[in-house]
Structure formats: C-alpha cells, structure tokens
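Asker: Would you mind keeping the following structure in view while I ask a few things?
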Amino acid sequence: MNFKRKLLIAALPLAFCLSSTAHAAMTLKIAEVHPAGYPTVVAQENMGKNIEEATDGELKFRMFSGGVLGSEKEVVEQVQLGAVQMTRVSLGTLGPVVPDVNAFNMPFVFRDHEHMRKVIDGEIGQEILDKITNSDFNMVGLAWMDGGVRNLYTKEPVRNLEDLKGMKIRVMGNPLFIDTLNAMGAQGVAMNTGEIFSALQTGVVDGAENNPPTMLEHNHFRAAKNYSLTGHLILPEPIVMSKTTWNKLTPEQQEIVMKYAKEAQIEERKLWDEKTASSEAKLKEEGVTFIEVDKKPFYDATAPVREKYGAPYAELIKRIEAVQ
Ligand code: BDP
C-alpha cells in the first residue's frame, strides 16, 4: 500500500467522527444562579424547548438553576472551558473577564430602565454582545436578559449619603462596583450571590444592593428591611454560549440557537415586569420599607468612577446618552 493511501485510510475514522458530531444529539447544560420559576430561568427553559424542537432533538438542554453548578464567576470559567455550555450571567460578573463590557456597568450610565432597554435592543447592545464574542475569552454573546434596576438594601435605613457613610455593602466581584460604593461613602465588599444571605444575617455586611426579584427570591429581605431607591445600577445580563460548543454546531443550528435566544430576550422582559411588580408587593407585605431618595447626590458622588472607568469608552458613552 502506498503511503498516500495509508494516510487516507488512517484519516477515515477521524473524518467520520467530525462529520457525525455535527449531527449527533448534544445535551447542553445551562447554569443559573437564580431559582426555578425566576424570569431568566423560565425564559431560558422555554428557549431550550424551542431549540430542541427546531433541531429535531439534536440539541437538548438541561437547566441547572439555583446555583448548583457554582457561583457566577465559577460558571463563567466553566463556560470558557466548555464544561458548562450556556449561562445567563450579570454583566457585572463578566466585567473583570471582558473589560469592554464595563461601559454598561458604570453607575447611572443609563437614565432609567427604559433607556437601558432601548440601548440593548439597538445597535449598541449588539456591539457589546459582539465584543464578548470577539474577545479571547471563548464565549459567544447571544442575547440580553433584563436584570432591572438595582437599589440599596440595608439593616439601618439609608435616606442620604450621610446615612450610608461607613456601611459595609456587598457588591459583585468587580472593582468598578467596589469603587462605586466607596465613592458613595460606604465600604464595598465583594462576595458571591450565595454568600449574601448569611453575611447579612451575621452582620458581616450592613447591606447589599439588588433588584426586587433578587432581594425577594434570595431571601435577603429577611435580614435587611430598608430598600432605598437609589437606582445606581441598571445591569443587563447576557446569555452566553461556550465558543467550544458553538463551533461544534452546524450553521443551521447556530442560526436556530441565535433566533430562540433573541426570542427569550423578548419573553423574559414580560416575565421580568410581572415579577418585579409582584416582588415589590410581596416585599412590602413582608415589612420592607421602600425609601425614596434624592438620586442627585448619589449621581454626583460617583462622577469620579464614571471618569475613571469611562475614559476608554468616551465615544460609546456619548452614543449611549444620545439614545432616546
Ligand atoms: C442579580 C443578577 C445575578 C447576580 C446577582 C448578584 O441577576 O446575575 O449574580 O444579582 O448580585 O440581580 O450576585
């Protein structure tokens, strides 16, 4: 047998293997830090069912909610390795990995919730997803979920900057958020989502900051009964797929995944609004005091943070501000 022929025969099983992986059924793990029934979980479960149907069962999904696969930071690492294939993650967690996304993570960069929605629905939103995809971090940015508006919740009421002075406030593990809370006169303390409840209970922190559904569903309201409506962060949350997985899909499968991820973005928004309204009502029922605050001093205090982190994105920030 000549050499060329030998090589061909040797390569045959490999070629067979490669072409068959594209069509063999694949089960994809989706990791979520939120519990079953949470808007992001429900929207992604429905997305999974739609994709499974559209690919005739070639792509199946298994949702691991409630943080069982680890903290968001750990899950992002798993996604980069391809050990977890998909996740929805706060942009806050992604900032230290893909710094380009930090433009959206700055305090008060969006005027309000509506403004953030318009930005992520438009070309800037797609650009940030593309930045995730085109970074070296082995992820594909598919679509956005809504993470609402984040406010402060504390054991002792916070009505102004003076009240907040020196309080230890939990933030996500992103230096931008530590700087934000420090600029407001508090002391930002980074920890994982799953650690917040006991940190509040044991007094390791005096408060945290989040949207109403998270404050409710993660039981934080049991240990912090004052909710100050600072609205300092409005963080969208991308659904990302491991690029290792993405590259194994056929172009048709990629198109289907993209299509239903975008549909999940629309569905989650509706679920989000309902969940926010019901969470606010439930929190009030549970004795949480909602405190209206003058946002201006909080905005002014955080100007140095926007200057520091916004400098590389000055053009982008102008474009964000121009979105009406
Ligand atoms: C929630 C986000 C979640 C974050 C969490 C947190 O949806 O992705 O992990 O906040 O602050 O609002 O840890």
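A short reminder: the numbers here are calculations on the coordinates, not readings from a lab. Keep in mind that what you see is a predicted model, and the values were worked out from it rather than measured. Cβ sites come from the backbone with ideal geometry, for glycine too, and all protein chains shown count toward neighbours.
Asker: Going by Cα centres, the stretch 68-116 and the stretch 195-260 are how many Å apart?
Answerer: Result: 9 Å between the Cα centres.
Asker: Which is farthest toward the positive dipole end of the chain among MET139, LEU229, ALA186, measuring Cα position about the Cα centre, with Cβ charges +1 (Lys, Arg) and -1 (Asp, Glu)?
Answerer: MET139
Asker: Roughly how far apart, in whole Å, are the Cα centres of the stretch 26-49 and the stretch 264-316?
Answerer: 23 Å
Asker: Would you mind working out the magnitude of the charge dipole of the chain relative to its Cα centre, with +1 at each Lys and Arg C-beta and -1 at each Asp and Glu C-beta, to the nearest 20 Debye? Each step should come with its number before you reach the end.
Answerer: Working: 36 positive and 43 negative charges, 159 e Å.
Value, rounded to 20: 760 debye.
Asker: Another question, then. Run the quick spin-label model on ASP121 and MET258: label points 7 Å from Cα toward the beta carbon, then report their separation in nm to one decimal.
Answerer: That separation, rounded to one decimal, is 2.1 nm.
Asker: Using θ = phi - 60° and the Karplus relation 6.51 cos²θ - 1.76 cosθ + 1.60, list the HN-Hα couplings for the stretch 197-213 in order, rounded to whole Hz, with x at every Gly or Pro.
Answerer: 3J(HN,Hα) across the stretch 197-213, in whole Hz: 4, 6, 5, 5, 4, 8, x, 4, 10, 9, x, 8, 8, 5, 7, x, x.
Asker: Right, here's the next one. Which pairs, out of LYS29/LYS243; LYS60/LYS248; LYS165/LYS225; LYS262/LYS295; LYS73/LYS131; LYS29/LYS49, put more than 22 Å between their alpha-carbon atoms? All intermediate terms of the calculation are to be shown ahead of the outcome.
Answerer: Details: LYS29/LYS243 14 Å; LYS60/LYS248 14 Å; LYS165/LYS225 18 Å; LYS262/LYS295 33 Å; LYS73/LYS131 19 Å; LYS29/LYS49 13 Å.
Exceeds cut-off: LYS262/LYS295.
Asker: Taking the DSSP beta bridges in the stretch 146-212 as the whole, what percent of them are antiparallel, to the nearest 5?
Answerer: Values: 4 of 9 bridges.
That works out to approximately 45 percent antiparallel.
Asker: How big is the Kirkwood radius of the chain, worked out from every pair of different alpha carbons and given in Å to one decimal? Intermediate results must be reported in sequence, preceding the final value.
Answerer: Working: mean 1/r = 0.0481 Å⁻¹.
The Cα-based Kirkwood calculation yields 20.8 Å.
Asker: Additional query: Add -39500 (n - 2.57) for each DSSP H run of 4 or more in the chain, then divide by its residues: what number comes out at 222 nm, to the nearest 500 deg cm²/dmol?
Answerer: After summing the helix terms and dividing by the residues of the chain, the value is -14500 deg cm²/dmol.
Asker: Which value, in debye to the nearest 20, describes the size of the charge dipole of the stretch 102-162 about its Cα centre when Lys and Arg Cβ atoms bear +1, Asp and Glu Cβ atoms bear -1, and nothing else is charged? Don't jump to the answer; show the numbers that get you there.
Answerer: Details: 7 positive and 10 negative charges, 50 e Å.
It works out to roughly 240 debye.
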